[in-house]
Amino acid sequence: MKKGLSDKVVGLKPSGIRKFFDIAATMKDVISLGIGEPDFDTPQPIIQAGIEALRRGETHYTSNHGLLVLRQAVADHLKWLYGIKYFAQNEIVMTVGVSEALYLVFTAILNPGDEVIIPTPCFVSYQAEVILAGGEPVEVATFAEDGFVPRIENIEAAITERTRVIFIGSPSNPTGAVYSREFLAQLADLAEKHDLIVVSDEIYDRLVYGVEHVCFASLPNMYKRTILLGGFSKAYAMTGWRIGYVAGPQEYVDAMVRVHQYTIMSAPTVSQYAALSALMIGEPYLQEMLAEYDRRRKLVYTSLNAMGLPTFEPKGAFYAFPDLRQTGLSDDDFCFRLLEEERVAIVPGNSFGFAGMGFARVSYATSYEKLEMALERMANFVRKLNG
Ligand SMILES: Cc1ncc(COP(=O)(O)O)c(C=O)c1O
């Protein structure tokens, strides 16, 4: 028997987050600020809608695109939020979270060697999904002094003959950056000038604090060249339901559905019903969770700065991204020692791309009390480092 694995898979780096949490899991009394998912359970009425769907016998496949009534609700929701109009029939497909949406979009549009420009630090799956689809990720560094918004000239400088896509993720995991309308308008001009597709991961669109989230597809002329990825995991605390969507021009959605029908068939039916309920009745629960995230955000951001770790004020998602460089430790060393000596788990910034080196991701999707305790331990650790 011939043995061997795909070069593409062998070449994938194991996720830094996993490696770190495997170690943390073997220790006692660890407070984890490492998780990228809401600590809240799914709101009860949404769970109830899922249970009722099962009791009604909604235990079968749906159409490959997903339930039409749900796609219509997603379309209505996007119209309500951003004034953008998608046709439920053929411009939206329900997916197994944004994770599957990433797989679909790159598999459907990339040819071998096509380049995808990705501002980093970024969510760990972006580069991997591009590589798995045969493309090449091209990282463009963003900097704390710019609030982790890319410099437009650096994006333009990264464009080559082979560039196919500019990928954006705003609000950002791991930095908490939210791209402004002005920046996105410049990006739109660039996409137009170089005739590029923009794939926009907007999974954190509802988690913004005092700033506007701009849906890239809603900018003038951008609908036709944007593929929008959205989901329910973060806003409605529904990570385990595994439900999200892609919206875009029919030509792209048709291609993605072709991949989806052979790999997934249809997103989980029970989760589609729960997602429908989230769109119908989820708003007050979302607002309640948002207010609590905001309270924690202020605590985390002020405490990190006060202990001497310069931290840019996050405007979205539920992460802060402190700068560790002044401590003299690498981000890996800082995080490993913090875990060993103070039992607090945060994620080394280099897990999110080379531009994250020297930083760490601190998630505030954890209770206020635990955050206070963890921040106290971190402050102790930094004091010890400073001698
Ligand atoms: C920026 C970003 N995109 C996509 C995902 C994947 O989300 P899901 O597959 O649960 O929809 C995550 C999860 O952490 C994320 O942070």
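The values are calculated or read from the model by the stated rules, or taken from the named source; none is laboratory data. Every value quoted in this text rests on a predicted model; they were computed, and no experiment measured them. Note that we place each Cβ from the backbone using ideal geometry, even for glycine, and neighbour counts take in every protein chain shown. To get the accessible areas, we keep the full protein, side chains included, count just its heavy atoms, and leave off ligands, DNA and RNA. Shrake-Rupley method; radii C 1.70, N 1.55, O 1.52, S 1.80 Å.
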Total residues in the stretch 99-117, condition open to solvent by 10 Å² or more (accessible area, probe 1.4 Å), within 24 Å of Leu67 (Cα to Cα) and either more than 13 Å from the ligand (Cβ to nearest atom) or in contact with an Asp or Glu (Cβ under 7 Å, 6 or more places away or on another chain) (or both): 3
Looking only at the stretch 354-374, and only at residues there that are open to solvent by less than 10 Å² (accessible area, probe 1.4 Å) and either assigned to a helix (DSSP H, G or I) or modelled with pLDDT under 95 (or both), the one that is farthest from Lys19 (Cα to Cα): Leu371
Flag if Ala188 is among the aliphatic types (A, V, I, L, M) and closer than 18 Å to Val347 by Cβ: no
Selection status of Pro310, farther than 20 Å from Val211 by Cβ and assigned by TED's automatic domain parsing to the domain that holds Tyr103: no
Residue ID - most open to solvent (accessible area, probe 1.4 Å), chosen from residues in the stretch 134-165 that are within 16 Å of the ligand (Cβ to nearest atom) and either over 16 Å from Ala355 (Cα atoms) or touching a strand residue (DSSP E or B) at 6+ places or on another chain (Cβ under 7 Å) (or both): Glu139
Residue in the stretch 50-63 that is charged (D, E, K, R) and either open to solvent by less than 10 Å² (accessible area, probe 1.4 Å) or within 23 Å of Thr226 (Cα to Cα) (or both) present: no
Entirely in the stretch 1-109, the helices (runs of 4 or more DSSP H) that have 3 or more residues that are within 30 Å of Pro220 (Cβ to Cβ): 68-82, 97-109
Test for Gly387: is it over 25 Å from Val208 (Cα atoms), at pLDDT 95 or above and in a loop (DSSP other than H, G, I, E, B): no
Test: residue in the stretch 167-183 that is crowded, with 18+ Cβ neighbours inside 10 Å, away from the ligand (no atom under 13 Å from the Cβ), among the aromatic types (Phe, Trp, Tyr) and more than 20 Å from Thr311 (Cβ to Cβ): yes
Residue match in the stretch 185-200 (condition: within 16 Å of the ligand (Cβ to nearest atom), over 24 Å from Leu324 (Cα atoms), buried (at least 20 other Cβ atoms within 10 Å of the Cβ) and among the polar types (S, T, N, Q)): yes
Failed criterion for Ile281 (all others in (1) more than 15 Å from the ligand (Cβ to nearest atom); (2) in contact with a Lys or Arg (Cβ under 7 Å, 6 or more places away or on another chain); (3) within 24 Å of Ala365 (Cα to Cα) hold): (2)
